[in-house]
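Report on the following structure.
None of the figures in this text is laboratory data; all of them are computed from the coordinates on show. Quick caveat: nothing in here was measured; it's all calculated off a predicted structure. Here the Cβ is made from the backbone with ideal geometry for all residues, glycine too, and neighbour counts use every protein chain on show.
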Amino acid sequence: MIRIVRAKLHGITVTGADLDYHGSITLDPEHCDLAGIRPLEFVDIWNKQSGARISTYVIFGEAGSKCCILNGAAARTCQRGDQVIICSSSYVEETALYDTAPMVLTFTPKNDVKDVLRYRVKETARRPFDFFIETLPHAENSDMEDESVADRAIA
């Protein structure tokens, strides 16, 4: 079994830190639904400004609020305005990599969804496990053509 990315919120901006709350990270359920992150799920959080890396569990805030609030001890690792990467993971058999398709959301500084991506692993002539990123259409992304999917290999 190997640990893989299951869902990711990449570059979301911290909107608050509440030291006196009893733990967790509060996220907009609309972001979580789109990415596939569930309440009470454990996630890793990586702060792009400080380099801090922590683990905590998700609770849902108000839908549409675009919130990203670190609570309890986690509040000491981030400040309002920091960009973080929030990643859920799962364990799979190596061959199951071909069947996984983690959703990755990227964000604007105001926590609007910028891009909706899907990670893929495929067998290619170059290697048995090759990595690709698909860009999916998203209503908030006006640069995308209807029903188009860009498929880009990562060397």
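For this structure, a couple of remarks:
- Approximate spin-label separation residue 55-residue 80, in nm, with each point projected 7 Å along Cα-to-Cβ: 3.1
- Sites residue 63 and residue 42, calculated FRET efficiency, Cβ-Cβ separation with R0 25 Å, nearest 0.05: 0.70
- The chain pair-distance distribution - Cα-Cα, 10 Å bins, rounded %: 11, 38, 32, 16, 2, 0
- Restricting the calculation to alpha carbons of segment 1-93 gives Rg and Dmax of 12.4, 40 angstrom.
- Each helix, a run of at least 4 DSSP H residues, gives -39500 (n - 2.57); summed and divided by the residues of the chain, these come to -1000 deg cm²/dmol at 222 nm.
- Among 91, 119, 21, the ranking by other beta carbons within 10 Å of each residue's beta carbon, starting with the fewest, stands as 91, 21, 119.
- Between segment 96-125 and segment 47-85, the alpha-carbon centres lie 21 Å apart.
- The ranking of 10, 138 from fewest to most other beta carbons within 10 Å of each one's beta carbon is 138, 10.
- Each semi-axis of the equivalent ellipsoid for segment 52-97 is √(5λ) with λ an eigenvalue of the Cα gyration tensor; in descending order they amount to 26, 15, 10 Å.
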